[in-house]
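A short worksheet on the structure shown next.
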Ligand SMILES: CC(C)(COP(=O)(O)OP(=O)(O)OC[C@H]1O[C@@H](n2cnc3c(N)ncnc32)[C@H](O)[C@@H]1OP(=O)(O)O)[C@@H](O)C(=O)NCCC(=O)NCCS
């Protein structure tokens, strides 16, 4: 995948994607990092993913992240306030991590949010112990705006850090 890592694109999720996404939950370590339930069986994960794809909550836009025709993750734009959404991103299967896909998926989400959706501000919050996500947001020029509530990352207490980026800053961002 290294040689084609610059070809990540976003597309709508399809019913046929649910088994792939639910399959990522077979790895308990992945679930812990992603904040997914570790003790749900495969069937329950599958039904949950099928539901989210067929009838997403009205405030959620979830797009599949694809490399060379393979679904490698997804990007969320969440919220209903005019002009702003919360960005979320996830890369499935830990074997794919550390190759720049998370950063590319988040960047593609920003292109989509500021481009197709015409947003003015995109914000995100991540647990401070989630070092990969913190690096991605900082590398994409997000500005830290404050601290959110408390949470748990990999079984350890942590705190949410909030970030925001506006359309003008993204338009002038180098190294997309
Ligand atoms: C967060 C996540 C998307 C990162 O995916 P990824 O494909 O590994 O991301 P990248 O390869 O682009 O690497 C991201 C950064 O983490 C850094 N990194 C890699 N391995 C690391 C490690 N073991 N510890 C800390 N940082 C690490 C990379 O150097 C990179 O930082 P840089 O851009 O400043 O160099 C992925 O781990 C994931 O899906 N996690 C579960 C869901 C989640 O936490 N989503 C974010 C909250 S919305």
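Order the peptides 11-19, 107-115, 81-89 from the highest to the lowest mean number of other Cβ atoms within 10 Å of their residues.
Averaged packing, sorted descending, gives the order 107-115, 81-89, 11-19.
For segment 2-171, what proportion of DSSP beta bridges, expressed in % and rounded to the nearest 5, is antiparallel?
90 percent
Relative contact order, percent, of segment 2-171 when contacts are C-alpha pairs under 8 Å separated by at least 6 residues?
This gives 20 percent for segment 2-171.
Two decimals is fine: what is log10 I(q)/I(0) at q = 0.11, 0.16, 0.17, 0.18 Å⁻¹ for segment 1-133, from a Debye sum with one equal scatterer on every Cα and no solvent?
The calculated log intensity ratios at q = 0.11, 0.16, 0.17, 0.18 Å⁻¹ are -0.38, -0.84, -0.96, -1.08.
For segment 60-171, rounded, prolate or oblate, judged on the Cα gyration tensor with a ≥ b ≥ c (square roots of eigenvalues), a/c < 1.5 rounded, else prolate if a/b > b/c? The partial results should precede the final answer.
On the way: a/c = 1.66, a/b = 1.03, b/c = 1.61.
Verdict is oblate for segment 60-171.
With labels modelled as points extended 7 Å from the Cα through the Cβ direction, what inter-label distance (nm, one decimal) is found for residue 12 paired with residue 93?
Reported label-point gap for residue 12 and residue 93 is 2.6 nm.
When you take every Cα atom in segment 52-118, what is the radius of gyration, and what is Dmax, the widest Cα pair distance, in Å?
12.3, 37
So for each of 130-142, 38-50 I average, over its residues, the number of other beta carbons within 10 Å; can you give me the resulting order with the highest mean first?
Averaged packing, sorted descending, gives the order 130-142, 38-50.
Could you compute how fast segment 17-59 diffuses translationally, taking Rh as the Kirkwood radius over C-alpha pairs and applying Stokes-Einstein at 25 °C with viscosity 0.890 mPa s? Give it in µm² per second.
232 µm²/s
All of the numbers you see were taken from the coordinates with simple rules; none came from a lab. All figures in this text were calculated on a predicted structure; none of them were measured in a lab. Note that each Cβ is placed from the backbone with ideal geometry, even for glycine, and that neighbours are counted across all protein chains shown.
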